[in-house]
Amino acid sequence: MSSRKIKHEVAALLQGRDLAAVMEAMRRYPAKDAVNALFALICRDEQHLRWYAVSCMGEAVARLAEADMEAARIVMRRFLWSLNDESGGIGWGAPESMAEAMCRHAGLAGEYVHMLISYMREDGSEICQDGNYIEHPLLQRGLLWGVARLSGCRTRLLLDKGAGDHISPYLGAEDATVRGLAALAAGLLRLTATGPILQAMAHDPAPLTLYRDGRFDATTVGGLARSALESMHR
């Protein structure tokens, strides 16, 4: 089957409303073909199409890693390159897709989680300090979604790599989605030091839509802050 035909079929599949059924249908394509078809879809404007593409991309990359780890590394490096200023691109969907793949494959998480964290960190004065801070607010949304996603599935790894040290500044971000996702991550990682900030955020009425497990949940920054506080006290 031609790559063009696969891309058309995949785009049609992602219009489905049952993520589990969509992912099951995606598994009939070889992992490499699925990945290639999904690259053009993780950066689309349509919310449903883009997020389902992210979920399917993560599953496809993890599937690829099981068969050919080096091929999966090439895909992960392609995500990283798209976030590099020198790439000439923007990197839409890259942090989210990386995180989804790392949630689904421990080997990829062990190799690449430090790179995702580096996008929250300013570059230091020493040559070995590898900060790659992302300034664009919309890309920050993708980054913080990825950190929150990993906070729920690779909690210990994120804490061991120091991710918790870089979340607090995002709790004061101008962008409501960034603030809310930072609150979600703080709760999942049980960053008790952020408690006073989360208390102050508890009545923040700014709305946002949270994507997780194939659902789009309408919530508020305050709601996520309150949930984070509850998580810390369980």
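Can you give the accessible area of LYS32, probe radius 1.4 Å, in Å² rounded to 10?
Ignoring ligands and nucleic acids, LYS32 comes out at about 110 Å².
Starting from the Kirkwood Rh over alpha-carbon pairs, what translational D in µm² s⁻¹ does segment 21-159 have by Stokes-Einstein at 20 °C and 1.002 mPa s?
Values: Rh = 15.1 Å.
It comes out at roughly 142 µm²/s.
Grab the Cα-Cα distance for GLU174 and ARG156, subtract it from 0.36 nm times how many residues apart they are, and report the gain in nm with one decimal. Please list the in-between numbers first.
On the way: separation 18, 0.36 × 18 = 6.48 nm, distance 2.88 nm.
Full extension of this stretch gives 3.6 nm more.
How big is the accessible area of TYR170 in square angstrom, nearest 10, if you roll a 1.4 angstrom probe over the protein chains?
Per-residue accessible area (TYR170): approximately 10 Å².
Taking 45 Å as R0, compute the FRET efficiency from the Cβ-Cβ separation of ARG28 and ARG234 and round it to 0.05. Mind dumping the intermediate values first?
Values: r = 41 Å, r/R0 = 0.91.
The computed FRET efficiency comes out at 0.65.
Please turn the phi angles of segment 211-222 into ³J(HN,Hα) values with the Karplus equation 6.51 cos²θ - 1.76 cosθ + 1.60 (θ = phi - 60°), one per residue in order, whole Hz, x for glycine and proline.
Once rounded to whole Hz, the list reads 9, 7, 6, x, 10, 10, 9, 7, 8, 9, 4, x.
What shape does segment 100-234 take by its C-alpha gyration tensor, where a ≥ b ≥ c are the square roots of the eigenvalues and a/c under 1.5 counts as rounded, a/b above b/c as prolate, and the rest as oblate?
Numbers: a/c = 1.56, a/b = 1.37, b/c = 1.14.
The shape class here is prolate.
With a 1.4 Å probe and all protein chains kept in place, how do GLU100, GLU111, GLU24 rank by accessible area, largest first? Provide the component values of the computation, followed by the final result.
Numbers: GLU100 5, GLU111 65, GLU24 115 Å².
Per-residue accessible area, sorted high to low, gives GLU24, GLU111, GLU100.
Given R₀ = 41 Å, FRET efficiency for GLU111-GLN199 by Cβ-Cβ distance, to 0.05? Mind dumping the intermediate values first?
Values: r = 37 Å, r/R0 = 0.90.
Calculated value: 0.65.
Find the all-direction average of the projected area of the Cα convex hull for the chain, expressing the result in square nanometres with one decimal place. Show your work: numbers first, answer last.
Working: hull surface 52.5 nm².
So the Cα hull casts an average projection of 13.1 nm².
LEU41's amide H: which non-local residues (gap 5+, or another chain) put their own amide H closer than 5 Å, with H modeled 1.01 Å from N in plane and none for Pro or chain starts?
Amide H neighbours of LEU41, under 5 Å, 5+ apart: none.
Any chance you could run the full-extension gain for MET1 through ALA67? It's 0.36 nm times the residue separation minus the Cα-Cα distance, nm to one decimal.
On the way: separation 66, 0.36 × 66 = 23.76 nm, distance 2.08 nm.
The span from MET1 to ALA67 would gain 21.7 nm if fully extended.
The values are calculated or read from the model by the stated rules, or taken from the named source; none is laboratory data. The structure displayed is predicted, hence computed values, not measured ones. All Cβ positions, glycine included, derive from the backbone under ideal geometry; neighbour counts span all protein chains shown. Accessible surface is based on the protein model in full, side chains and every heavy atom, while ligands, DNA and RNA are left aside. Shrake-Rupley method; radii C 1.70, N 1.55, O 1.52, S 1.80 Å.
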